[in-house]
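*Asks:* One structure, pasted below without further comment.
Values in this text are rule-based calculations from the coordinates and carry no lab data. Computed from a prediction, not measured in an experiment: that's the story for all the values here. Reconstructed Cβ throughout: ideal geometry from the backbone, glycine too, with neighbour counts over all protein chains shown.
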Protein chains: 2
Amino acid sequence: MSTSRLAQLLRLYLVTDPQALRGRTLTDVVLQAVQGGVTCVQLREKTASTRDFVALACALTEVLKPLGVPLVINDRLDVALACGAQGVHLGQSDMPVALARQLLPPEVFIGWSVETPDDVQRAAHLPVDYLGVSPVFATPTKTDTATPWGLEGLCQVRAMTPLPLVAIGGIHLGNAAEVLTAGADGLAVVSAICSADDPCLAAQALRTCVNAFL
Amino acid sequence: MSTSRLAQLLRLYLVTDPQALRGRTLTDVVLQAVQGGVTCVQLREKTASTRDFVALACALTEVLKPLGVPLVINDRLDVALACGAQGVHLGQSDMPVALARQLLPPEVFIGWSVETPDDVQRAAHLPVDYLGVSPVFATPTKTDTATPWGLEGLCQVRAMTPLPLVAIGGIHLGNAAEVLTAGADGLAVVSAICSADDPCLAAQALRTCVNAFL
């Protein structure tokens with residue numbers, strides 16, 4: 001896939017959080033979010049059994065594939081292979097990128113979280129397809145993250161790499177425009193959609209903002 | 001691999017437990033256990049990050065491969081593929097066996113935990129290479145397990161299947177002989193070796209017992 005095509009697919013990137021669903025099912029929230037304009041879904045499960053994770057990933061694949069929305073699996077290549085995911089997202093404590101590239105079919109794209117300028121420099125020599133700039137702002141969703149990049153840091157990353165950039169961490173409608181201005185190709189959101197009263201409307205508002213910029 | 005060759009490799013089957021090492025490194029304990037006669041090592045990590053799990057699996061592969069001792073990865077096919085493990089062990093909450101078989105190279109063997117007679121019957125129609133009869137006795141190592149099979153249950157499983165059987169759960173030198181008499185091809189032990197004052201001596205004693213029976 002070309003870099004520009006991938007950048008398009010990453011425009012509004014939903015990261016799931018089973019804790020943020022307010023009692024709704026994950027599949028329902030994802031479907032509403034996609035109807036509202038989410039362009040990519042990352043399934044992130046940190047406590048589910050492998051069996052449950054695979055079942056959920058397969059269920060989401062069935063929903064998303066006909067809609068042309070890529071499913072990205074966080075961390076777990078076994079789950080990605082099992083459900084035929086289009087992408088994998090790796091953090092600094094996940095499988096090394098070069099090893100993941102060897103194990104995945106060539107058409108599966110790999111995203112990688114960058115937390116420091118050193119990470120961004122290393123990415124130039126790694127088989128990664130996009131970068132997750134993490135976190136842009138401080139966020140209660142993930143508490144194990146590094147120092148926030150801020151908008152200046154995001155500008156700095158933009159200047160360092162031609163890879164598509166997905167900004168994650170504390171992003172919502174109120175700061176989406178400035179994150180895109182700073183150079184992000186896509187916005188990753190968790191609670192701004194997962195916990196919204198109406199995930200479809202929340203996604204619509206964010207997508208309108210993204211469309212105005214790109 | 002033939003069933004009888006696999007049964008031989010499973011004779012004394014060490015399952016690792018990072019909580020049971022009494023401050024020693026996993027690699028050291030495994031190496032001592034293998035020197036004492038362990039024939040197969042299952043790496044089981046339930047809290048490690050994927051990066052740490054892969055690093056540990058690769059380190060054990062380097063130690064075990066030259067010794068001809070197979071490494072089996074518990075649950076995680078991504079880790080098994082990354083380190084080139086010889087086997088994968090799947091429990092009832094892990095990836096479905098048929099799916100795992102599709103994702104693994106044909107030479108990688110698959111073990112499957114059976115907790116009920118229904119599981120044993122289902123195994124006849126699944127691509128599994130050996131069964132873990134789990135638990136034979138009640139054990140504090142795993143608290144999420146089903147009702148113990150007991151020696152009678154193990155006899156019952158033996159009568160139901162020609163697959164190699166590895167007995168696990170509360171096995172130590174004091175009951176090893178009766179577990180083998182009941183029909184196990186191999187003994188799986190966790191704390192009887194991992195927590196032993198001398199893992200090499202503990203493995204030696206168990207191996208002598210196994211050799212007398214098989």
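*Asks:* Between copies, how far does the label point of A:T27 sit from its twins, in nm, shortest first, when each point is 7 Å from Cα along Cα→Cβ?
*Replies:* 4.5
*Asks:* Suppose every Lys and Arg Cβ carries +1 and every Asp and Glu Cβ carries -1, with no other charges. What dipole size does region B:1-121 come out with about its Cα centre, to the nearest 20 debye? Kindly include the intermediate steps, with their values, before the conclusion.
*Replies:* Working: 10 positive and 12 negative charges, 69 e Å.
Dipole of region B:1-121, to the nearest 20 debye: 320 debye.
*Asks:* Taking B:T3 in one copy and the same position in all the others, each labelled 7 Å out along Cα→Cβ, what are the pairwise distances from the first, in nm, shortest first?
*Replies:* Label-point separations across copies, in nm and ascending: 5.7.
*Asks:* Extending each Cα 7 Å along its Cβ direction at B:E62 and A:K46, get the distance between those two points in nm, one decimal.
*Replies:* About 3.0 nm, to one decimal.
*Asks:* Residue by residue through B:46-55, how many Cβ atoms from other chains fall within 10 Å of the Cβ on average? Write down the numbers at each step before the final one.
*Replies:* Working: counts 0, 0, 1, 6, 11, 9, 1, 1, 5, 2.
Across B:46-55, the average partner-chain Cβ count within 10 Å equals 4.
*Asks:* Here's another thing I want to ask about it. If I take every Cα pair under 8 Å that is 6 or more residues apart in region A:87-214, average their sequence separation and divide by the length, what percent do I get for the relative contact order? Please report the intermediate quantities before stating the final value.
*Replies:* Details: 201 pairs, mean separation 23.5, N = 128.
Over region A:87-214, the number comes to 18 percent.
*Asks:* So for A:C83, A:C58, fewest C-beta neighbours within 10 Å to most, what's the order?
*Replies:* Values: A:C83 23, A:C58 16.
Starting with the residue having the fewest Cβ neighbours, the order is A:C58, A:C83.
*Asks:* Mark the label point 7 Å from the Cα of A:L214 along Cα→Cβ and return the residues of region A:104-120 whose backbone N is within less than 18 Å of it.
*Replies:* Under cut-off, by backbone N: A:109-114.
*Asks:* Calculate the dipole size of region A:73-214 relative to its Cα centre from +1 charges on Lys and Arg beta carbons and -1 charges on Asp and Glu beta carbons; express the result in debye to the nearest 20.
*Replies:* Details: 6 positive and 14 negative charges, 32 e Å.
So the dipole magnitude of region A:73-214 works out to roughly 160 debye.
*Asks:* Quote the charge dipole size of the protein assembly as shown about the Cα centre in Debye, to the nearest 20; the model charges only the Cβ of Lys and Arg (+1) and of Asp and Glu (-1). Each step should come with its number before you reach the end.
*Replies:* Details: 28 positive and 38 negative charges, 79 e Å.
The dipole magnitude comes to about 380 debye.
*Asks:* Shifting gears a bit: In terms of the Cα gyration tensor, with a ≥ b ≥ c the square roots of its eigenvalues, is chain B rounded because a/c is under 1.5, prolate because a/b exceeds b/c, or oblate?
*Replies:* Working: a/c = 1.43, a/b = 1.07, b/c = 1.34.
It comes out rounded by the Cα gyration axes.
*Asks:* Ranking B:F213, B:F109, A:F137 by Cβ neighbours within 10 Å, fewest first, what do you get? Don't skip to the end; give the middle numbers.
*Replies:* Numbers: B:F213 14, B:F109 21, A:F137 17.
Final ranking by Cβ density, sparse to dense: B:F213, A:F137, B:F109.
*Asks:* A further question follows. Can you list the GluC sites (Glu not before Pro) in region B:99-182 that are in a DSSP coil and have 10 or fewer other beta carbons within 10 angstrom?
*Replies:* Values: sites: B:E107, B:E115, B:E152, B:E178; in loops: B:E107, B:E115.
In loop regions of region B:99-182 (DSSP not H, G, I, E or B), the sparsely surrounded GluC sites (Glu not before Pro) are B:E107.
*Asks:* Another one. Less than 16 Å from a label point 7 Å out along the Cα-to-Cβ axis of A:R22: which backbone N atoms in region A:37-73 qualify, by residue?
*Replies:* Answer for this model: none.
*Asks:* A follow-up question, please. For chain B, what does the helix formula give at 222 nm: sum of -39500 (n - 2.57) over DSSP H segments with n ≥ 4, over the residue count, nearest 500 deg cm²/dmol?
*Replies:* On the way: 10 runs with 90 residues, N = 214.
Estimated from H runs of four or more residues: -12000 deg cm²/dmol.
*Asks:* Can you give me the Kirkwood hydrodynamic radius for region A:102-214, using every pair of distinct Cα atoms, in Å to one decimal?
*Replies:* Numbers: mean 1/r = 0.0683 Å⁻¹.
Result for region A:102-214, one decimal place: 14.6 Å.
*Asks:* Moving on. Using the 10 angstrom Cβ neighbour count as an exposure proxy, how do B:I110, B:I73 rank, fewest first? Please report the intermediate quantities before stating the final value.
*Replies:* On the way: B:I110 21, B:I73 29.
Fewest to most other Cβ atoms nearby, the residues stand as B:I110, B:I73.
*Asks:* If you don't mind, another one. From Cα pairs below 8 angstrom and at least 6 apart in sequence, can you work out the relative contact order of region B:1-51, rounded to a whole percent? Provide the component values of the computation, followed by the final result.
*Replies:* On the way: 39 pairs, mean separation 25.2, N = 51.
For region B:1-51, the relative contact order is 49 percent.
*Asks:* A follow-up question, please. Suppose you put the label 7 Å out from Cα in the Cβ direction; list, shortest first and in nm with one decimal, how far A:Q156 is from each other copy's label.
*Replies:* From this label point to the equivalent ones elsewhere in the assembly: 6.5 nm.
*Asks:* So what does log10 I(q)/I(0) come out to for region B:39-83 at q = 0.31 Å⁻¹, using the Debye formula with one equal point on every Cα and no solvent?
*Replies:* Taking Cα atoms of region B:39-83 as identical point scatterers yields -1.21.
*Asks:* Would you work out the relative contact order for chain A, in percent, from Cα pairs under 8 angstrom that are 6 or more residues apart?
*Replies:* Details: 407 pairs, mean separation 51.8, N = 214.
Value for chain A: 24 percent.
*Asks:* I've got another one for you. Just check region A:1-82 against the gyration tensor rule for me: Cα atoms, a ≥ b ≥ c as the square roots of the eigenvalues, rounded for a/c under 1.5, and otherwise prolate or oblate depending on whether a/b exceeds b/c. Show your work: numbers first, answer last.
*Replies:* On the way: a/c = 1.80, a/b = 1.27, b/c = 1.42.
The shape class here is oblate.
*Asks:* Smallest Cβ-to-axis distance in chain A, for the rotation taking A to B: which residue, how many Å?
*Replies:* Axis-proximal residue of A, distance in whole Å: A:D78, 2.
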